[in-house]
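Notes for the one structure printed next.
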Amino acid sequence: MRYWEPIRTLYGLDLTVVSDVVDPQFGFMSVDHDGKIRMDCSSPYAMARARGSQGPLRHRLANDADADRHGIVTPSIGLMNPITTWPSP
């Protein structure tokens, strides 16, 4: 979690880290459609708290524990549909 500060500094970004706590049990996550906790931040169920959040932050970004999936929530469309396949190099 300590990578966001160097990224902010290097690129001059206006970003806010809302939590730098690492919870190995993922207690902050909403349950998925089948009642299980998953770190699939492309799932509207997993991102329910971010989608329902009110406050000064306009965009919310999350990635899963091994950083191969992401979720972005915007005020205009909610949870964006992530790119699920990458082109071959």
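Identify the residue in region 43-52 that is more than 16 Å from Ser76 (Cα to Cα) and part of a loop (DSSP other than H, G, I, E, B) and, among all such residues, is farthest from the chain's Cα centre (by Cα).
Of everything passing the filter in region 43-52, Tyr45 is farthest from the chain's Cα centre (by Cα).
Counting just the residues of region 1-42 that are among the small types (Gly, Ala, Ser) and modelled with pLDDT under 80, which one comes out nearest to Val73 (Cα to Cα)? Steps first, answer last, please.
Step one: of region 1-42, the residues among the small types (Gly, Ala, Ser) are 12, 19, 27, 30, 35, 42.
Now drop any that are not modelled with pLDDT under 80, which leaves 19, 27, 30, 42.
Numbers: Ser19: 17, Gly27: 20, Ser30: 15, Ser42: 10 Å.
My answer is Ser42.
Could we say that Gly55 is free of Cβ contacts under 8 Å to residues at least 40 places away in the same chain, assigned to a loop (DSSP other than H, G, I, E, B), more than 13 Å from the chain's Cα centre (by Cα) and farther than 15 Å from Ser19 by Cβ here?
Against the criterion (free of Cβ contacts under 8 Å to residues at least 40 places away in the same chain, assigned to a loop (DSSP other than H, G, I, E, B), more than 13 Å from the chain's Cα centre (by Cα) and farther than 15 Å from Ser19 by Cβ), Gly55 does not qualify.
The values are calculated or read from the model by the stated rules, or taken from the named source; none is laboratory data. Note that the structure is predicted; figures quoted are calculated from it, not measured. Methodologically, a virtual Cβ is constructed for each residue, glycine included, from the backbone with ideal geometry; neighbour enumeration extends over all protein chains shown.
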